[in-house]
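Let me begin by presenting the structure, written as structure tokens, before commenting on it.
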Amino acid sequence: MMLEQQDFRMRRETLDEHPGGRIILVDTIAHVRDEDAGQVVICGSHGGISSGEYASRVQASVVFFNDAGGGKEGAGTAALSLLEARGIAAGTVSHDSAMIGDALDAWENGTVSVLNARAQALGFAVGQPLRDAIHSFLTRASDAQ
């Protein structure tokens, strides 16, 4: 399936202001900012090491990537262990459920495929629709305040 020619501006927006935190959508993790610290970041980027390096520059509460089909030797999810070591909860959505490079599609259609231990400890589970998982997490976070 070929994508129709369209306006390809990279998305960076606050999707929702929730009592438990903001949901930030970035089509590329390179657009994450210092102001995203403590927030939920959903990006369209693959979950490789380079993406993990960008994500680790900001101490987000949770960050989600696209698993990019796994990649050679797990390259598409390698950021998760890097972020685990740096104290950041992280996960991926399946490339079969959301387009790589499209954070909004990850939000609307993504299914959680891989998680690091920090994300699991926060209640995320493989197989959940990302939108439901994030809403549940933010509700738990606001109830704990």
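Among the residues of segment 22-45, the one identified as among the polar types (S, T, N, Q) and touching a Cys at 6+ places or on another chain (Cβ under 8 Å) is Thr28.
Between Gly44, Gly87, Gly20, the distinction of being under 11 Å from the mean Cα position of the chain (by Cα), closer than 20 Å to Phe137 by Cβ and among the small types (Gly, Ala, Ser) belongs to Gly44 only. Residues that are of a type in the set (Val, Ile, Thr) and part of a loop (DSSP other than H, G, I, E, B) are absent from segment 34-49. Beta carbons closer than 6 Å, at least 6 apart along the sequence or on distinct chains, pair a first residue in segment 1-30 that is over 15 Å from Arg131 (Cβ atoms) with a second that is at pLDDT below 85 for Pro19/Ser142. Looking only at residues of segment 95-131 that are touching an Asp or Glu at 6+ places or on another chain (Cβ under 8 Å) and of a type in the set (D, E, K, R), we find that the one that is surrounded by the fewest Cβ atoms within 10 Å (Cβ to Cβ) is Arg131. One residue alone among Glu84, Glu35, Glu17 is of a type in the set (Asp, Glu), in contact with a Lys or Arg (Cβ under 8 Å, 6 or more places away or on another chain) and under 23 Å from Ala144 (Cβ atoms), and that residue is Glu84.
Among the candidates Thr92, Thr77, the residue that is crowded, with 24+ Cβ neighbours inside 10 Å, in contact with a His (Cβ under 9 Å, 6 or more places away or on another chain) and within 20 Å of Ile23 (Cβ to Cβ) is uniquely Thr92.
In segment 36-61, which residues are free of Cβ contacts under 8 Å to residues at least 24 places away in the same chain and touching a strand residue (DSSP E or B) at 6+ places or on another chain (Cβ under 9 Å)? Passing the criteria: Gly38, Gln39, Val41.
The values are calculated or read from the model by the stated rules, or taken from the named source; none is laboratory data. Since this is a predicted model, take the numbers as computed values, not measurements. When we count neighbours, we look across all protein chains shown, and the Cβ atoms used for this are built from the backbone with ideal geometry, even at glycine.
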